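Worksheet: one structure, shown below.
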Amino acid sequence: MDCDYYVDRYLVIEYISECGRYCKLTTDLSREPKYISSKFNYDTDDDFARGQCYSYQRKLEEKIEKHTYRQMIYKKKEWTTRGYMAEYTCRLRSEFPYVYKLKKIYMEFEAFRAENY
């Protein structure tokens, strides 16, 4: 069965480089297929007659809205948790040594319709 929608997740690092330029780095993209429910039967015309199409579209929009958000990790010189501080401080030093002055780090979640429906 094809999925109803996808959720992309990626890490965004906003920083100032050594030469003073504002930079935005996007990394760690992952895409996860999501399903609304197994009770919708997409193959029958009876569902449209009973209003299931409208119900499905409404549910899909609700799910997309629910799964589109930003989770802050670092902002205004403060880490949201100690765990994030430990994980990302080490990672910044090893993988992104060109980050001179850190501005923001956040995880972006973006949901969108699958093109199959």
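The values are calculated or read from the model by the stated rules, or taken from the named source; none is laboratory data. All values reported here derive from a predicted model rather than from experimental measurement. Using ideal geometry, Cβ is built from the backbone for each residue, glycine included, and neighbour counts are taken over all protein chains shown.
Observations
- If you go through region 28-73 and keep only what is modelled with pLDDT under 95, of a type in the set (A, V, I, L, M) and either more than 20 Å from Arg9 (Cβ to Cβ) or not in a loop (DSSP other than H, G, I, E, B) (or both), you end up with Ala49, Leu60.
- Among the residues of region 13-28, the one identified as surrounded by 14 or more Cβ atoms within 10 Å (Cβ to Cβ), among the β-branched types (Val, Ile, Thr) and touching a Leu at 6+ places or on another chain (Cβ under 7 Å) is Ile13.
- Set Lys76, Lys59: member being surrounded by 13 or more Cβ atoms within 10 Å (Cβ to Cβ) and not aromatic (Phe, Trp, Tyr): Lys59
- The residues of region 74-117 that are basic (Lys, Arg) and assigned to a helix (DSSP H, G or I), listed by number, are Arg82, Arg91, Arg93.
- Residues in region 84-117 that are among the small types (Gly, Ala, Ser) and surrounded by 14 or more Cβ atoms within 10 Å (Cβ to Cβ): Ala111, Ala114.
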